[in-house]
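The values are calculated or read from the model by the stated rules, or taken from the named source; none is laboratory data. All figures in this text were calculated on a predicted structure; none of them were measured in a lab. We place every Cβ from the backbone using ideal geometry, glycine too, and count neighbours over all the protein chains shown.
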Amino acid sequence: MSVSKLAIFQVVLVLVCSLGVYQASIQDSISSTNNGNIIVTDSNGIEHHFDETPSRVAITNTYAASVMRMLEVDLERVVGISGDFDDESLWPEFINTPLVQQSAHSEIDFESLLDSRPEIYIVFATNGMVDTNAIREKLDPVGIKVVALDFYKYDVLRDEINVIADLFGKQQEASDLFSEFDEIENMVSERILGMNESLRPQIVMEHHASLTRDPVVLTGTSQWTDMIEKAGGRNVFADLPGHTTHVDMEAIMDENPDVIMFDGITFDIGFNNYDDEDKCQTHMQFIADRPGFDSIKAIQDNRMAIMSGEFAGPMMIHGLPTLAKLLHPDLFSDIDADQYLDDYFIDHHNIERIGKFVCTSFGG
């Protein structure tokens, strides 16, 4: 064989071997992605496979961390967080944990995230301010699995809790937690069972993004509608499309609600917050002063309420008695709704509840 033919043969041989190695590596990658002892499906419908329980986890929001605590997952597994964990009294485990983004809704600090070397990154699944698909496209190629879970929608809350339970081997803890949920829900449902529809308060739930001349209301697909109905109320805008939608002030006046509620995420209320600047009352007075709103029953009867962001997260079941008592004070007069909130923080966060969690137009 001539030297030139030998050289060509050697080049072809190297190329064939290289292709074989490449294909084998691809197959190994696919095999490792699609096989594993632990299989979970997140709230984007993405199936994730793990050979073992993840030992390095990054999380963007306190809801995910709260569920991990509720299931007694070791939070030492968390190697990256967002700035939402700024309350050191509530989250002492994370005082020295690296920040991988400023908040659950902000841009990711990819350099910090990669330095943290997480196996999984738990993010919101359907939050309009979080582009989960874009995050997944950036992190999947570097071997970080993006697990999308919300923990703020009642209809999938238990399913999402089960994902965390399956990931970390906490199925018994999840079962115990669901029994706790059942007890609270049954107490509320028994008291409103058989209630005449005419006795259900008609409710407008405004989003914290409401504008001066163009209110934003929560619709039937929002987490609040489920809880309002479980508490014995009716969201008058439940049939509108979308999670939130703009309505004219005239539309609210036409519905003439018995109660106007507000999502309090942006108010200074909740754990270790006390509305020191009285923004709640300022806001509710602003609503009462809207043109024509003095004819609405909720304004005339002084029935407005702002509920802290915790009520829209994993605490929602423990917060159900609070909402039910707001809507039906006579039916729940003997129920200490605050005790359910106290129990949530003591039992699941090992800390006493402090702060103002509800503001009402009648001085609450």
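Looking only at segment 131-148, decide whether some residue is in the same structural domain as Val40 (by TED's automatic domain parsing), of a type in the set (Asp, Glu), part of a loop (DSSP other than H, G, I, E, B) and touching a residue at least 60 places away in the same chain (Cβ under 8 Å). No.
Of these, Leu320, Leu326, Leu341, which one is surrounded by 14 or more Cβ atoms within 10 Å (Cβ to Cβ) and in contact with a His (Cβ under 7 Å, 6 or more places away or on another chain)?
On the way: Leu320 fails: in contact with a His (Cβ under 7 Å, 6 or more places away or on another chain); Leu326 fails: in contact with a His (Cβ under 7 Å, 6 or more places away or on another chain).
When all the criteria are applied, what remains is Leu341.
Can you find even one residue in segment 306-313 that is modelled with pLDDT of 95 or more, surrounded by 23 or more Cβ atoms within 10 Å (Cβ to Cβ) and either assigned by TED's automatic domain parsing to the domain that holds Asp150 or aromatic (Phe, Trp, Tyr) (or both)? Within segment 306-313, one or more residues are modelled with pLDDT of 95 or more, surrounded by 23 or more Cβ atoms within 10 Å (Cβ to Cβ) and either assigned by TED's automatic domain parsing to the domain that holds Asp150 or aromatic (Phe, Trp, Tyr) (or both). For Phe181, the conditions (1) in contact with an Asp or Glu (Cβ under 7 Å, 6 or more places away or on another chain); (2) farther than 26 Å from Arg56 by Cβ; (3) touching a residue at least 40 places away in the same chain (Cβ under 8 Å); (4) not basic (Lys, Arg) all hold with the exception of (1).
Let's see how each residue does on (1) surrounded by fewer than 17 Cβ atoms within 10 Å (Cβ to Cβ); (2) not hydrophobic (A, V, I, L, M, F, W, C):
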residue	(1), (2)
Val78	no, no
Gly83	yes, yes
Ile95	yes, no
His105	yes, yes
Ser116	no, yes
Ile120	no, no
Thr132	no, yes
Asp150	no, yes
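Just one of (1) more than 24 Å from Ser89 (Cα to Cα); (2) crowded, with 16+ Cβ neighbours inside 10 Å; (3) free of Cβ contacts under 8 Å to residues at least 60 places away in the same chain fails for Met227. It is (3).
Out of all the residues in segment 344-357, is one or more in contact with a Pro (Cβ under 8 Å, 6 or more places away or on another chain) and either of a type in the set (D, E, K, R) or under 20 Å from Asp263 (Cβ atoms) (or both)? Lay out the reasoning, then the answer.
Our first condition is that a residue be in contact with a Pro (Cβ under 8 Å, 6 or more places away or on another chain); within segment 344-357, this holds for none.
No.
Residues that are among the small types (Gly, Ala, Ser), surrounded by fewer than 21 Cβ atoms within 10 Å (Cβ to Cβ) and closer than 29 Å to Phe332 by Cβ within segment 232-269 comprise just one, Ala238. Per the conditions (1) aromatic (Phe, Trp, Tyr); (2) farther than 23 Å from Phe124 by Cβ; (3) free of Cβ contacts under 8 Å to residues at least 60 places away in the same chain, the sole criterion not satisfied by Phe362 is (3). Taken over segment 269-287, residues that are in contact with a strand residue (DSSP E or B) (Cβ under 8 Å, 6 or more places away or on another chain), charged (D, E, K, R) and in a helix (DSSP H, G or I) amount to 0.
Looking across segment 113-130, the residues that are under 19 Å from the mean Cα position of the chain (by Cα) and either among the polar types (S, T, N, Q) or part of a loop (DSSP other than H, G, I, E, B) (or both) come down to Phe124, Ala125, Thr126, Asn127, Gly128, Met129, Val130.
Here Val216, Val156, Val188, Val163 are screened, and the one residue that is in contact (Cβ under 8 Å) with a residue 60 or more places away in the chain, touching a strand residue (DSSP E or B) at 6+ places or on another chain (Cβ under 9 Å) and not charged (D, E, K, R) is Val163. Give the number of residues within segment 226-244 that are modelled with pLDDT under 95 and within 13 Å of Phe262 (Cα to Cα). Qualifying residue count, segment 226-244: 1.
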